1. Could you list all residues from the stretch 91-132 that are touching a residue at least 60 places away in the same chain (Cβ under 8 Å), more than 12 Å from the ligand (Cβ to nearest atom) and within 20 Å of residue 47 (Cβ to Cβ)?
2. Would you be able to say whether some residue in the stretch 166-174 is buried (at least 17 other Cβ atoms within 10 Å of the Cβ), in contact with a helix residue (DSSP H, G or I) (Cβ under 6 Å, 6 or more places away or on another chain) and not in a loop (DSSP other than H, G, I, E, B)?
3. Yes or no: the stretch 27-35 includes at least one residue that is within 26 Å of residue 224 (Cα to Cα), within 11 Å of the ligand (Cβ to nearest atom) and in a loop (DSSP other than H, G, I, E, B).
4. So is residue 150 within 16 Å of the chain's Cα centre (by Cα) and in a helix (DSSP H, G or I) or not?
5. Considering each of 185, 156, 238 in turn, give the residue that is assigned to a helix (DSSP H, G or I) and either over 25 Å from residue 293 (Cβ atoms) or modelled with pLDDT under 95 (or both).
6. Tally up the residues in the stretch 265-286 that are over 18 Å from the mean Cα position of the chain (by Cα) and surrounded by 16 or more Cβ atoms within 10 Å (Cβ to Cβ), please.
7. Pick from the stretch 71-90 the residues that are under 20 Å from residue 45 (Cβ atoms) and touching a residue at least 40 places away in the same chain (Cβ under 8 Å): which of them is farthest from the ligand (Cβ to nearest atom)?
8. Can you spot a residue in the stretch 16-26 that is farther than 28 Å from residue 211 by Cβ, part of a helix (DSSP H, G or I), within 11 Å of the ligand (Cβ to nearest atom) and touching a residue at least 12 places away in the same chain (Cβ under 8 Å)?
Ligand SMILES: CC(C)(COP(=O)(O)OP(=O)(O)OC[C@H]1O[C@@H](n2cnc3c(N)ncnc32)[C@H](O)[C@@H]1OP(=O)(O)O)[C@@H](O)C(=O)NCCC(=O)NCCS
């Protein structure tokens, strides 16, 4: 994908999802969100555009989180559906995963769609647990000002990035969301909230805030949050999501959105107890029969959309 493709890619995304979901005004679909320019800027080589019969026909985005990769949003212009465009994009996506050397890979899709499940199974992905996209309104439960990555000095930022890597590596060897943290900072999409316990980082959360990001108008979206494994992890997750909510309140946002795989049953239950309710449910499909980091003991909040 080139920058000159952004407009076409946005239109295709709106028409494709809008048509599949039966949205009456296609141009209104996710009009306040941006996945195209933001993901391209995060990693241009991972943004793929398909051409068919001389026109732009579809796109897909791969995400490199170290030892783990996922892809989406994958969208194809409806007049090209069922003509193999998605499969050619997915072939190129699998080549990227191979080049990056990801150990495991996954995606989020519509659980009720046999067509989607069939398509991804052709590339070795199998349906596993549901993923709940949860929400709650931004409330009063703030515990003071959250510590934000954007407020740190350069040397402290380097330390924080290394500490975040230590947390994710302890959860799933090689898992690394540095690119996500940097992309939010460089593109001013939101902020990363950090919870330190002395010299040790207990937890962190990468948040998108408001219009023109993956969150959308009025929303604080927790794109990736992780708690260091250990005792009191649920308590730390609660403190972390409270800090995210404080970030949302600081920015005058009214709604929190955060996804969790139901295989991470402790995280899911904790979020329910904190007042999150499921807005949408999809299914996570994963390569092989491995759970990856969708395990009961893992306190990670993300949804692979
Ligand atoms: C999902 C989407 C990307 C697929 O794109 P596409 O270019 O039509 O896909 P392809 O033609 O490469 O492959 C579709 C496959 O599904 C099969 N299929 C179609 N309807 C099916 C059904 N009801 N049940 C099972 N398989 C079905 C096709 O036959 C084809 O498989 P085959 O090659 O083995 O025959 C496209 O429909 C789209 O943009 N949808 C809206 C956005 C969306 O849902 N994105 C994905 C979000 S996870």
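The values are calculated or read from the model by the stated rules, or taken from the named source; none is laboratory data. Computed from a predicted model, the values in this text were never measured in an experiment. Positions of Cβ are generated from backbone atoms using ideal geometry, with glycine treated the same way; all protein chains shown enter the neighbour counts.
1. 105
2. no
3. yes
4. no
5. Just a single option satisfies the conditions, and that option is 156.
6. Residues that pass the stated criteria total 4.
7. Among them, the one singled out is 89.
8. No, the stretch 16-26 contains no residue that is farther than 28 Å from residue 211 by Cβ, part of a helix (DSSP H, G or I), within 11 Å of the ligand (Cβ to nearest atom) and touching a residue at least 12 places away in the same chain (Cβ under 8 Å).
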